[in-house]
Amino acid sequence: MEKIVVKGGNPLKGTISIKGSKNSVLPILTAALLASDGVSVIHDVPKLSDVYIIIDILEHLGAKCSWDGNTVTIDSTKVVRLDASLNCVGDMRASFLLLGPLLARFKSSEILQPGGCAIGVRPIDLHLKGLEALGADFAQTHGVIKGSTQGLKGARIYLDFPSVGATENLMMAGALAEGLTILENVAEEPEIVDLANFLNNMGAKITGAGTNIIKIKGVPSLKGTVHTVIPDRIEAGTYMIAVGAAGGDAFFENTISDHLKPVVAKLREAGVTVIEEANGIRIISEGSKFCKGLYIKTMPYPGFPTDMQSQLLAMLLCSNGRSYVTETIFESRFQHIEEFRKMGADIILAGNTVALTGVDKIYGANVNATDLRAGAALIIAGLYAEGETHVGNIHFIDRGYDGLVENLKALGADIKRAKFDE
Ligand code: UD1
């Protein structure tokens, strides 16, 4: 079994480059299935276990996929199967993003009820209701969801909640549906805009991505295209917060500060210096002890991202005063609180709000990642804890960070992967 071992105390200094966005590339890879002509060439694909799973599924369906560095080429012109109900799919929620493309191009789909990080119930009703409004029918038996349609037709769909995945699925389905699709109360995340750009370059007619209303004029077919994935704002934010927590002076290239406004604002409010430059962001900090406590409430984009609250909380464990973090997107996203306590944090959970009082010191401990971002948060705490922190369950971290240990090491952290007996 592998763990990540961090010895606290080193400030982070230097420059690293941010990889392509996980949450962008997953729907983009599934959207490549929509091309009935030509190949799709996707640059800046991060090497993550979730990406490998999606590519395995595309290959299982008959698409030809190849890697060259961080570029993936996909030829989906000869897809032969429509069942993506492989066992590995159950582990990853993003596999649900195959439904829209399969139904739109082939009128049939079969997937397992998807899994994902253990951060809540994560229902899929909005995806299914939206696709039904476009003319799909679903039957669910023994954890398998089978979909079929006579042919998707454009419709007006209002989402009860601006779900990122449902917006993406419906955008992909609407791209090949007959007539006009209008999606209202949709997600406005940069990853939605990236997917819309990819689809439009394939020949789709999508307007409004990045606002809460998206309009799609269906086209009869789409073809492969070339695309570079946007930088991962959550990866960038994680490293920025790591510098805020451990102290230091580091620059993050290939970062779009516009995508990180709420994180930049909270870092500044805590007293961390953030310098936004043309091709990246520089962070200067004296460490957690010099940070002020914060009030944080997670919200859909452009609000403070749920994917960043664990890391920001990790930065505040030794801060001055009290912090309150309220989670409004996922109901089970505070499972790492217990792990922070093992490190000496003064933290309590009441309902969906955490109250934290900064302590003088935190200490290395044996802790376990409880989800992807919680794993990153435990490493951030380990960077300034006294002694060694051993983080287990690191398969969660490998789902979303390409080269986390190497990057932190390059910035001067004392961190390694190590094998342990069960
Ligand atoms: C995506 C991101 C994830 C991020 C989340 C919120 C990817 C691959 N993952 O996840 O990193 O944390 O957005 O920013 O892009 N919901 C329903 N019914 C549905 C769908 C969602 O009730 O059919 C609820 C969820 O339970 C949750 C909320 O809506 O409470 C947000 O979920 P959603 O935006 O769909 O998140 P994901 O697309 O799964």
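The values are calculated or read from the model by the stated rules, or taken from the named source; none is laboratory data. Every value quoted in this text rests on a predicted model; they were computed, and no experiment measured them. Note that each Cβ is placed from the backbone with ideal geometry, even for glycine, and that neighbours are counted across all protein chains shown. What goes into the accessible areas is simple: the full protein's heavy atoms, side chains included, and nothing from ligands, DNA or RNA. Shrake-Rupley method; radii C 1.70, N 1.55, O 1.52, S 1.80 Å.
Worth a mention:
- Close Cβ contacts (under 8 Å, 6 or more residues apart or on different chains) running from residues in the stretch 161-184 that are among the β-branched types (Val, Ile, Thr) to residues that are open to solvent by 30 Å² or more (accessible area, probe 1.4 Å) and within 14 Å of the ligand (Cβ to nearest atom) comprise Val164/Asn23.
- Single residue of Ala209, Ala250 found to be closer than 25 Å to Phe161 by Cβ and among the small types (Gly, Ala, Ser): Ala209
- Test: residue in the stretch 311-324 that is outside any loop (DSSP other than H, G, I, E, B), open to solvent by 70 Å² or more (accessible area, probe 1.4 Å) and assigned by TED's automatic domain parsing to the domain that holds Gly375: yes
- Scanning the stretch 162-189 for residues that are within 16 Å of the ligand (Cβ to nearest atom) and under 16 Å from Ser221 (Cβ atoms), we see that the one that is nearest to the chain's Cα centre (by Cα) is Met172.
- Verdict on Glu338 being surrounded by fewer than 21 Cβ atoms within 10 Å (Cβ to Cβ) and assigned to a loop (DSSP other than H, G, I, E, B): no
- Given (1) at positive phi; (2) under 22 Å from the mean Cα position of the chain (by Cα); (3) not charged (D, E, K, R), index of the condition Gly351 fails: (2)
- Filtering the stretch 253-275 to residues that are of a type in the set (Gly, Ala, Ser), touching a strand residue (DSSP E or B) at 6+ places or on another chain (Cβ under 6 Å) and open to solvent by 10 Å² or more (accessible area, probe 1.4 Å) leaves Ser257, Gly271.
- Where helices (runs of 4 or more DSSP H) sit wholly within the stretch 351-422, those with at least 3 residues that are crowded, with 20+ Cβ neighbours inside 10 Å occupy 372-384, 404-410.
- The listed residue being in the same structural domain as Pro302 (by TED's automatic domain parsing) and either open to solvent by 30 Å² or more (accessible area, probe 1.4 Å) or not in a helix (DSSP H, G or I) (or both), out of Ala236, Ala242, Ala250: Ala250
- Qualifying residues in the stretch 55-84 (those that are hydrophobic (A, V, I, L, M, F, W, C) and in contact with a Gly (Cβ under 7 Å, 6 or more places away or on another chain)) - the one surrounded by the fewest Cβ atoms within 10 Å (Cβ to Cβ): Val80
- Residues in the stretch 284-304 that are in a strand (DSSP E or B) and within 16 Å of the ligand (Cβ to nearest atom) were compared, and the one that is surrounded by the fewest Cβ atoms within 10 Å (Cβ to Cβ) is Lys297.
- Among the residues of the stretch 131-161, the one identified as within 16 Å of the ligand (Cβ to nearest atom) and among the hydroxyl-bearing types (Ser, Thr, Tyr) is Tyr158.
- Of all residues in the stretch 21-54 being in contact with a strand residue (DSSP E or B) (Cβ under 6 Å, 6 or more places away or on another chain) and open to solvent by 10 Å² or more (accessible area, probe 1.4 Å), the one that is farthest from Val219 (Cα to Cα): Asp44
- Criterion violated by Asp194 - all others in (1) in contact with a Ser or Thr (Cβ under 9 Å, 6 or more places away or on another chain); (2) in a helix (DSSP H, G or I); (3) near the ligand (Cβ under 10 Å from one of its atoms); (4) within 17 Å of Pro302 (Cβ to Cβ) satisfied: (3)
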